[in-house]
Amino acid sequence: MLKNILQKLLIKFGKSYTLDDNISNKLIISFLFSRFFMMFRGLFKTGRKIFVGKRTRILNSKNFQFGHSCTLEKDVLIDCHASKKVSFGHVVKIGAFSTVSTTSHLSKYGIGLEIGNNSAVGEYSYFGCSGGVKIGNDVIMGQYISFHSENHNFSNKDMLIRDQGVTSQGIELGNNIWVGSKATFLDGCKIGDNSVVAAGSVVKDVFPPNVVVGGVPAKIIKEINA
């Protein structure tokens with residue numbers, strides 16, 4: 001009975017997976033109670049239906065737009081002080097203890113973050129969006145993922161590096177991508193559609209669609225053939 005109810009709710013909220021037969025009623029009840037309080041908290045914080053965990057903060061929320069069935073788990077910080085909207089599509093999830101940072105320093109107003117439909121990132125992830133980060137649809141990412149869309153200039157040996165300013169090209173991930181845990185994306189990198197980024201990779205280059213990349217720095221390991 002409870003499994004049927006939850007399965008229907010999952011479909012309504014855009015989830016396509018089937019519940020495991022071993023899931024207990026006790027776990028289902030716990031999940032439903034948790035989601036109810038998260039939805040109530042989201043209504044209180046934003047005036048709209050979004051699932052928000054405990055101690056999660058949204059700065060400059062008027063610059064935050066999102067589709068249906070989005071989730072911000074506990075202890076998430078979303079900084080929306082940016083020249084563009086911080087924009088989430090439908091059914092986007094940000095894992096617990098993660099941070100979206102747009103304006104990290106008062107010397108440079110940040111650009112922002114865009115995430116497409118059905119994309120999610122695991123716990124303890126960091127989005128440095130000063131130079132802009134764009135993530136497509138159906139991108140699944142593990143824990144401890146980090147984006148750094150800014151580089152410090154350092155060519156003048158007679159000046160402190162911190163006084164030489166920064167450059168930003170932005171970061172872009174396409175659609176239908178799997179990113180393994182602890183991957184790091186550096187400014188200027190791009191990942192094409194239908195690709196995989198191996199766990200622990202440091203990505204700094206531009207990669208075509210349909211590839212597996214990995215390593216430090218990341219390189220093409222193999223092509224994904226139809």
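The values are calculated or read from the model by the stated rules, or taken from the named source; none is laboratory data. Note that this is a predicted model, so its numbers are computed, not measured. FYI the Cβ positions are ideal-geometry reconstructions off the backbone, even for glycines, and counts take in every protein chain you see. Each accessible area value is taken on the protein alone, full model and side chains, heavy atoms only, with ligands, DNA and RNA left out. Shrake-Rupley method; radii C 1.70, N 1.55, O 1.52, S 1.80 Å.
Take the alpha-carbon positions of segment 1-95, form their convex hull, and give its projected area averaged over all directions (one quarter of the hull surface) in nm².
6.3 nm²
Tell me the relative contact order for the chain as a rounded percent, counting alpha carbon contacts under 8 Å between residues six or more apart.
10 percent
Mind jotting down a quarter of the surface of the convex hull over the alpha carbons of segment 1-42, in square nanometres, one decimal?
Spelled out: convex hull of the Cα atoms, projected over all directions, averaged, 3.0 nm².
Taking a probe of 1.4 angstrom, what is the accessible area of LYS219 in Å², to the nearest 10?
130 Å²
Using just the alpha carbons, could you tell me how many Å³ per residue the convex hull of segment 110-200 encloses? Mind dumping the intermediate values first?
Working: hull volume 8.3 nm³, N = 91.
Per-residue hull volume (Cα only) is 91 Å³.
Summing Lys, Arg as +1 and Asp, Glu as -1, what charge do residues with Cβ under 15 Å from the Cβ of PRO209 carry, PRO209 excluded? Could you put the intermediate results ahead of the total?
On the way: positive: LYS190, LYS222; negative: ASP138, GLU172, ASP193, ASP205, GLU223.
Value of the local net charge: -3.
Of all DSSP beta bridges located in the chain, what percent are antiparallel, nearest 5?
The antiparallel fraction comes to roughly 15 percent.
Among LYS157, LYS54, LYS93, determine the one that fluctuates most according to a GNM of the chain built with springs between C-alpha atoms less than 10 Å apart.
The residue with the greatest mean-square fluctuation here is LYS157.
Can you give the relative contact order of segment 13-88 as a percent, counting alpha carbon pairs under 8 Å and 6+ residues apart?
25 percent
If you roll a 1.4 Å probe over the heavy atoms of the protein chains, what accessible area per residue do you get for the chain, in Å²? Walk me through the numbers on the way to the answer.
Details: 12590 Å² over 226 residues.
Dividing the accessible area of the chain by its residue count gives 56 Å².
Compute the signed sum of charges (Lys and Arg +1, Asp and Glu -1) over the other residues within less than 14 Å, Cβ to Cβ, of GLY89.
After counting each charged neighbour, the total is +1.
Connecting C-alpha atoms closer than 10 Å in a GNM of the chain, tell me which of ILE177, ILE28, ILE94 has the biggest fluctuation.
For the chain, modelled as a Gaussian network with Cα springs under 10 Å, the answer is ILE28.
What number comes out for the charge environment of LEU113, summing +1 per Lys or Arg and -1 per Asp or Glu over other residues with Cβ under 15 Å away?
After counting each charged neighbour, the total is -1.
Calculate, in whole percent, how much of the Cα-Cα pair population of segment 151-226 lies beyond 18 Å.
Values: 1246 of 2850 pairs.
Summing the P(r) of segment 151-226 above 18 Å gives 44 percent of all pairs.
Which of these, THR46, THR18, THR184, has the largest mean-square fluctuation under a Gaussian network model of the chain (Cα springs below 10 Å)?
Comparing THR46, THR18, THR184 in a Gaussian network model of the chain, the most mobile one is THR18.
In terms of Cα to Cα distance under 15 Å, which aspartates and glutamates are near enough to LYS182, apart from those fewer than 8 places away along the same chain?
Those aspartates and glutamates meeting the cut-off are GLU123.
In Å, what Rg and Dmax follow from the Cα atoms of the chain?
18.9, 72
Considering Cα pairs under 8 angstrom that are at least six residues apart, work out the relative contact order of segment 167-223 and quote it in whole percent. Let's see the in-between values first.
Numbers: 153 pairs, mean separation 15.9, N = 57.
For segment 167-223, the relative contact order is 28 percent.
What is the percent carbon and sulfur in the accessible area of segment 1-80, measuring with a 1.4 Å probe over the protein chains and ignoring ligands?
The C+S portion of the solvent-accessible surface of segment 1-80 is 60 percent.
Counting only helical runs of four or more DSSP H residues, what would the 222 nm mean residue ellipticity of the chain come to if each run contributes -39,500 (n - 2.57) and the total is spread over all its residues?
Numbers: 2 runs with 33 residues, N = 226.
So the calculated ellipticity at 222 nm is -5000 deg cm²/dmol.
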